[in-house]
Amino acid sequence: MEYEAVIGLEVHVQIKAESKIFSRVRAGYGHEPNKLVDPVVMGLPGALPVMNKAALDGIIKAGLALNCTIPETCKWDRKNYFYPDSPNNYQITQYDQPICDGGFVEIELPGETRGVMGEHKKIKLTRIHLENDVGKLNHFADDSLVDYNRAFTSLMEIVSEPDMHSGEEAFAFLTAIRQTMIYCGISDCDMEKGQMRADANISVRPIGQKELGQKIELKNLNSITGVKNGIEYEIKRQTRELKKGNVIKQATWRWNADLGQTEMMREKEDAHDYRYFPDPDLMPVRIDEDWKAKLRAEIPELPWDKQRRFMEEYGLPYSITAVLVPDRVLSDWFEAAVKQAPKLAQALGNLVANDLLRELSEADMALEECKITPDTLLGLVQVVEKGVIPKNVANKDVFPEMFKSGETAEQVIERKGLKPDFDEGQVKVWCQEAIDENPKPVQNYRDGNEKALNALLGPVMKKSKGKANPQLVNKLIRELID
Amino acid sequence: MSEELHYKSASELSELLEKKELSSVDLTKAIIARTKAVEDKVGAFNSYDEADALAQAEASDARRAASASLGPLDGIPVGIKDNLAVNGQPLTCSSKMLEKFVSPYDATCIEKLKTQGAVLWGRLNLDEFAMGSSTENSAFKTTSNPWNLDCIPGGSSGGSAAAAAAGQAVMTLGSDTGGSIRQPASHCGVVGLKPTYGRVSRYGLAAFASSLDQVGPLTRSVKDAALLLQAISGHDERDSTSYKIAEPDFVAAIEKQRGHKWTLGLPKEYFATAANTPAMEPVLKAIEYYKSLGCEIKEVSLPHTDYAVATYYIVATAEASSNLARYDGIRYTHRAETFDAKDSVDIYCQSRAEGFGEEVKRRIILGTYVLSSGYYDAYYLKAQKARTLIRQDFENAFKEVDALLTPTSPSPAFKKGEKASDPLSMYLSDIYTISANLAGIPGMSLPCGYSDGLPVGLQILGKPFKEDELLSIAYEFEAGHDFKDQHPQL
């Protein structure tokens, strides 16, 4: 019997906002413990939550970007449970009237090779709701300490339908969410800082069976790769169990990334009774069309749309767009150059996707610190296009200098004397010499071997001390022979 | 004059202070002396801080000397219920749970009093976390009724009412979730006002039931109630349930509306049950008085009255079970000395078992039950629907009348211990007051006579945000009687 997996993800994403969701205290990461607190965050007697509009803006924007419906009103509920990281021993969340309904995430699966676009799919969402994050428990040998700095950070929970079937799809789903959030400026989604966290519900069933198999919940997925690996491991494990005729029991498992395996945390306990009820401290929120329209206008062109446009408008190959587009800043930078000269898109794309990224990575620099500007990069491609210097000189000699000094291409060429000190007539003379000195390849060419003439390029380049334009040389040699 | 200084009203004292015939330090000293003289009998205070009060008084005198008075409350000692946060002062809620807790911040109403120069005086006893009608649920002490020391002062703001009645403060702040200002005010013969829900910020009031709680004044005169309400009212960004509405000048309003012929309603359901209660006679006399002034008296119906107590005890306990979850033994509360260190749940269980009193536990359990899955629809949801009907009853009644007159409580103050073992009969002592909290409307209690030597209160219920009318109606009655000048013999 063949089996298939069904996967749903619950993704928590912290919304980037100056202050916390229900208090005016600054939100942040990496501070001394219990410094980002006030009476509200500490749950002192008498403290009251007040909604942060930036958090609402963030989640509404996320909902619009992920194709959700935004109902006219949403409300706040208390989820009651005792845990030391929760200052009030209830979480303020949204039980039955979330701020975002439905929606989907467009994902791309890996193509046959890295240079080929893979299949695109839409993964359905159930809802997105807003809630407060909790603090962090730190366990020591004899005791545990709580740090409430993270408590009351704005957190949204993106809940997918059980609509995925492999670790790869889950990986693509999280990648797409992450890119969308970063594009919209909603979150940096840094999983190491806990800005994005995912839990997976995984079940396996015989292909053809309608009902879902018994699901297990998989936790401790600390990276996007961890999600993929954990899910793949768990699918194999469950399939193996079912094939042996064993029954999957409802339980919570955890991914152990060090050992590369899943481990059982706890078997199903009695279902938690969270005693949800509407939070009497917060008013329901009404979201009108104007508010939505204002936020919709702030959403930039999203990654998949941008990629499709780059391919159509600039004729760029998939492989280059796949490098440029996931990074909004990089692709905007690139576009600042290419929109001035769409015909040079390929040359510009290659320089950005290969040379620029390599230099940045070697210098451990962010694009914002880069001394080359879109305009100066375009200048470099243009001097090559005009035949002032050959491409290899541009890439090897001029580009690294520009990267270091911030000079224009012309300035580097001038300073280093890279401009050829001969004219086309002189190149023609060298070509004729090369033809005369190499009769064999010339004969081969005349016999029909097109490639034979490549043998003449080297001698001419040598005569020009590498400064001749190879395209020009090729052209001249052909003219002279034909 | 000076021996009776502690019984003067805030408005009189304010004039004396303004004319420099009295200093805030002398006034505060007189209040401290009075407090000490009668505190053994009354027991209104959980704690007080003489040095702090005198320092505030000195600052007030300095402002007046520099002609920089902050208004009519500048230099007036105001007693504070021990469930309102005052920076640097204990905030116990009369619970062992918070016995050692000192608030690091000010409630909004406290901040307002400070910016108006009031001298914040003492921490007044209450039923633990404001749950009760007698202050017998305080973990520390039972306050006595200044009119009869064997009787309870009412609750939960029993300390606030007793202190105001005994002259241990010029006026006091209380909180009212189901009658906790009005019922003790009626038992202690003072004026108590529960504002419209949303009129006064709840920020810094230790929450009992968030959708019902309101902070309000307890005073010896209607004018002082107007003065203190004025001082604490207003929209607050830190409380999303506080209402954005223009604040009328309450003191001016009561003078301006003198002689108005009000249309006053008598809810027949209230009078049917109250017919033979001991508190009834003075209330009926008060109604006759309004009639004699030319007010129209009309019978009205509040048909869902019977559901009020049940509705209240579902909504209030549900919210309380969640609000009090923060008192867990982890951060600032009482923590049990011994617990199973390997089990965080045991810290909760032991600490809460030791820290909370019987009544608080009863309500947490009740509230937990009504919110439980499978019971939510039958209890909490149903109660919210009943609450809507109760509010609509009032809306309909107020189409016909300006305000309603009722007894505040079914009986005058009862003896200590009399109902302590019978929570249900204790709950029923709130029967006339809780509907106002469920409906969110303002209500006040006003001394209107005595029964067996114990004060009886007249309750006036009004339209939302029409506290000025309530005060005016009360002022009219007060002007024709001398109850405000009658004080308990201590």
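The values are calculated or read from the model by the stated rules, or taken from the named source; none is laboratory data. Computed from a prediction, not measured in an experiment: that's the story for all the values here. Cβ sites come from the backbone with ideal geometry, for glycine too, and all protein chains shown count toward neighbours. Each accessible area value is taken on the protein alone, full model and side chains, heavy atoms only, with ligands, DNA and RNA left out. Shrake-Rupley method; radii C 1.70, N 1.55, O 1.52, S 1.80 Å.
Things to note:
- By the Cβ rule of 4.7 Å, chain A holds the following cysteines without a possible disulfide partner: A:Cys74, A:Cys184, A:Cys189, A:Cys370, A:Cys431.
- Along chain B, the longest continuous region that contains none of the GluC sites (Glu not before Pro) in a DSSP loop with at most 13 other C-beta atoms within 10 Å is B:22-236.
- Dipole of segment A:329-482, positive direction: furthest Cα of A:Leu356, A:Ser464, A:Gln346, with charges on the beta-carbon: A:Ser464
- The alpha carbon centroids of segment B:390-426 and segment A:350-391 are separated by 81 Å.
- Here is how the number arises for chain A: DSSP H runs of 4 or more residues each give -39500 (n - 2.57), the sum is divided by the residue count, and the result at 222 nm is -11000 deg cm²/dmol.
- The fraction of accessible area contributed by carbon and sulfur in chain B is 51 percent, rounded to a whole number (1.4 Å probe; ligands and nucleic acids excluded).
- Nearby aspartates and glutamates by direct alpha-carbon distance to B:Lys100 (threshold 16 angstrom, same-chain neighbours under 8 apart not counted): B:Asp49, B:Asp82, B:Glu128, B:Asp328, B:Glu337, B:Glu354
- Couplings 3J(HN,Hα) for segment A:282-293, derived from phi with the Karplus relation 6.51 cos²θ - 1.76 cosθ + 1.60 (θ = phi - 60°), are 10, 7, x, 10, 9, 10, 8, 4, 4, 4, 4, 4 Hz, where x marks Gly and Pro.
- Each Cα pair under 8 Å and six or more residues apart adds its separation to the average, and for chain A the resulting relative contact order is 14 percent.
- Over 29 Å between alpha carbons, listed pairs B:Lys20/B:Lys194; A:Lys122/A:Lys215; A:Lys294/B:Lys463; A:Lys391/A:Lys463; A:Lys228/A:Lys339: B:Lys20/B:Lys194; A:Lys294/B:Lys463; A:Lys228/A:Lys339
- Estimated from helices alone, the mean residue ellipticity of chain B at 222 nm is -12000 deg cm²/dmol (sum of -39500 (n - 2.57) over DSSP H runs with n ≥ 4, per residue).
- For B:Thr108, neighbours were defined as the other residues whose beta-carbon sits under 10 Å from its Cβ, and their charges (Lys and Arg +1, Asp and Glu -1) total -2.
- For segment A:386-465, carbon and sulfur atoms together expose 49% of the accessible surface, with a 1.4 angstrom probe and every protein chain in place.
- Over 30 Å between alpha carbons, listed pairs B:Lys114/B:Lys416; A:Lys343/A:Lys419; A:Lys75/B:Lys382; A:Lys20/A:Lys79; A:Lys124/A:Lys306; B:Lys256/B:Lys385: B:Lys114/B:Lys416; B:Lys256/B:Lys385
- Long-range amide H partners of B:Val86 with built H, under 5 Å: B:Ser103, B:Ala107
- Residues whose amide H falls under 5 Å from that of A:Gln261, counting only those 5 or more places apart or on a different chain, are A:Asn256, with hydrogens built in the peptide plane.
- Placing dummy labels 7 Å off each Cα toward the beta-carbon, the span from A:Lys294 to A:Asp188 is 2.7 nm.
- Projecting label points 7 angstrom from Cα along Cα→Cβ for A:Thr252 and B:Glu4 puts them 6.9 nm apart.
- Database remark: amide H of B:Ala118 closer than 5 angstrom to the amide H of B:Gly75 (H placed geometrically; neighbours at sequence offset of 5 or more, or on other chains; Pro and chain starts carry no H).
- Heavy atoms of chains B and A lose about 2800 Å² of accessible surface on contact, summed over both sides with a 1.4 Å probe.
- Cα-projected label distance for B:His481 with A:Ile207, points at 7 Å along beta-carbon direction, nm: 8.8
- The phi torsions of segment B:90-106, fed into the Karplus equation with coefficients 6.51, -1.76 and 1.60 and a -60° offset, translate into couplings of x, 9, 9, 6, 6, 10, 4, 4, 10, 3, 9, 7, 10, 6, x, 8, 9 Hz, rounded to whole numbers, with Gly and Pro shown as x.
- Note that the protein assembly as shown, at 20 °C in a medium of 1.002 mPa s, gets a Stokes-Einstein diffusion coefficient of 64 µm²/s from its Kirkwood radius over C-alpha pairs.
- What chain A shows is 48 Å² of accessible area per residue, with the surface traced by a 1.4 Å probe over protein heavy atoms.
- Spread over its residues, the convex hull of the C-alpha atoms of chain A is 223 Å³ per residue.
- Positive-pole candidate from A:Ile413, A:Val427, A:Leu377, dipole of segment A:306-429, charges at beta carbon: A:Val427
- Where chain B is the region considered: accessible area per residue in Å², 1.4 Å probe: 34
- Each residue of segment B:439-455 is assigned a 3J(HN,Hα), and the resulting list reads 8, x, 8, x, x, 9, 10, 9, x, 10, x, 9, 9, 6, x, 9, x Hz, derived from the Karplus form 6.51 cos²θ - 1.76 cosθ + 1.60 (θ = phi - 60°), x at Gly and Pro.
- When trypsin sites (Lys or Arg not before Pro) are flagged only if DSSP places them in a loop and at most 14 other Cβ atoms lie within 10 Å, the longest unflagged stretch of chain B comes out as B:343-490.
- Loop-located GluC sites (Glu not before Pro) in segment A:263-292, at most 16 other Cβ atoms within 10 Å (DSSP): A:Glu269
- Segment B:379-428 - Kirkwood radius from inverse mean 1/r over Cα pairs (Å): 14.0
- Relative contact order (%) - criterion: Cα under 8 Å, at least six apart; region: chain B: 17
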